[in-house]
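The values are calculated or read from the model by the stated rules, or taken from the named source; none is laboratory data. None of the values given here were measured: they were computed from a predicted structure. When we count neighbours, we look across all protein chains shown, and the Cβ atoms used for this are built from the backbone with ideal geometry, even at glycine.
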Amino acid sequence: NLSWTDASNNESGFKVLQSVNSTSSFQQVQTVGTNASTTAIDLGANPISGTYYYQVIATNTDGDSQPSNTANATIQISNVPAAPSDLAVTNVTKGATSGNYYVYLSWKDNSNNETGFELYQSINSTSNYQRVKTPGADGTSYGINLGANPTQGTYYYKIAAVNADGKSADSNVATAEVGTVTPPPPTQQPPAVPSGLTAMVGKDTTGNSVVILTWQDNSSDEQGFNLYLSNSATGGFSKVATFGPGQTIVVHNVGSAATTFYYQVKSFNAGGESGASNTSSATVN
């Protein structure tokens, strides 16, 4: 809005001049009628940020007056980022090793000019939010570590985008219930490798050859043992039998074939098989 003193009684109107970020290069932007002393300049929806300079000239059919003094107005256009949306809690977990509780969040990034985000949390209240994390620009998910003994209850979250011009409006509110969270079971490792495998040839009650195998059980958590057989010491082992946990002596019926048998044994559990024991051989004549 501009105002001035009308010092003439014979003008037919006034010319309003404008220059942006310069005290020269004025352009006429408006004409107002006789005896006017105020006007408003419409800069539109997206004006340039900066200093706008104005002068007024009285005019009639004989010409223009000298310009008035120069007045200025500074306009700073805010370019605050758009607010994120669709904030949601995607998971609440408890670490199997650390015992810490984690809340995982996701959201939609609706801005292309944020420098980051501010993530707010409130416990058991829809007010008293505290900024707890500052995810980086263009992020759409984040995990919050609540520690090993967080306050149990309802956790409320909201997020805003930020840049040098300010902070967006807040997103919607998402909630997470933090209480007794069952941690995932720890990943079980395969049991220790058996050792000291020995093979000795014998006979059963019918005269058929058998191989008596013994080994040392080096594990306390196996679910059993797998026995492997090959006709070669260098490879080609195939599983031929499975035995229960704690077993360290077994009999393998090999019939009457005259050959050399090569054996290995592996322990196993839900985590998988151990490595192979030493190789032991037995020759049946």
- Check every one of the strands (runs of 3 or more DSSP E) wholly within region 58-151 and list those with 1 or more residues that are exposed (fewer than 15 other Cβ atoms within 10 Å of the Cβ), at pLDDT below 95 and among the small types (Gly, Ala, Ser). 71-75, 141-147
- Message: Which residue is surrounded by the fewest Cβ atoms within 10 Å (Cβ to Cβ), if the candidates are limited to region 159-171 and must be within 15 Å of Tyr120 (Cβ to Cβ) and of a type outside the set (Lys, Arg)?
- Response: Ala169
- Note on the structure: Those residues of region 143-169 which are under 19 Å from Pro81 (Cβ atoms) and in contact with a Ser or Thr (Cβ under 8 Å, 6 or more places away or on another chain) amount to Tyr157, Lys158, Ile159, Ala160, Ala161, Val162, Asn163, Ala164, Asp165, Gly166, Ser168
- What number of residues in region 242-285 are surrounded by 14 or more Cβ atoms within 10 Å (Cβ to Cβ), in a strand (DSSP E or B) and aliphatic (A, V, I, L, M)? 5
- Item | Answer from Ser12, Ser8, Ser37, Ser68 - the residue that is without any contact (Cβ under 8 Å) to a residue 40 or more places away in the chain and over 30 Å from Tyr156 (Cα atoms) | Ser37
- If you go through region 217-238, how many residues are surrounded by fewer than 14 Cβ atoms within 10 Å (Cβ to Cβ) and over 21 Å from Gln189 (Cβ atoms)? 7
- Taking region 200-231 and the residues there that are of a type outside the set (Val, Ile, Thr), over 25 Å from Gly272 (Cβ atoms) and in contact with a strand residue (DSSP E or B) (Cβ under 8 Å, 6 or more places away or on another chain), the one that is modelled with the highest pLDDT would be Met200
- Item | Flag for Val56 being farther than 30 Å from Asn35 by Cα, hydrophobic (A, V, I, L, M, F, W, C) and outside the structural domain of Tyr104 (by the TED database) | no
- Message: Regarding region 5-24, can at least one residue be identified that is loosely packed, with under 11 Cβ neighbours inside 10 Å, assigned to a loop (DSSP other than H, G, I, E, B) and β-branched (Val, Ile, Thr)?
- Response: yes
- Please identify the pairs in which a residue from region 256-274 that is in contact (Cβ under 8 Å) with a residue 24 or more places away in the chain and over 14 Å from Gly202 (Cα atoms) has its Cβ atom under 9 Å from the Cβ atom of a residue that is surrounded by fewer than 16 Cβ atoms within 10 Å (Cβ to Cβ) and among the basic types (Lys, Arg), counting only partners at least 6 apart or on another chain. Lys266/Lys239
- Item | Checking Tyr156 against (1) surrounded by 12 or more Cβ atoms within 10 Å (Cβ to Cβ); (2) more than 20 Å from the chain's Cα centre (by Cα); (3) assigned to a strand (DSSP E or B); (4) not β-branched (Val, Ile, Thr), the condition it does not meet | (2)
- Message: Residue under question is Gly196, and the condition is that it be touching a strand residue (DSSP E or B) at 6+ places or on another chain (Cβ under 8 Å), more than 30 Å from Thr97 (Cα to Cα) and either surrounded by 11 or more Cβ atoms within 10 Å (Cβ to Cβ) or of a type in the set (A, V, I, L, M, F, W, C) (or both); does it hold?
- Response: yes
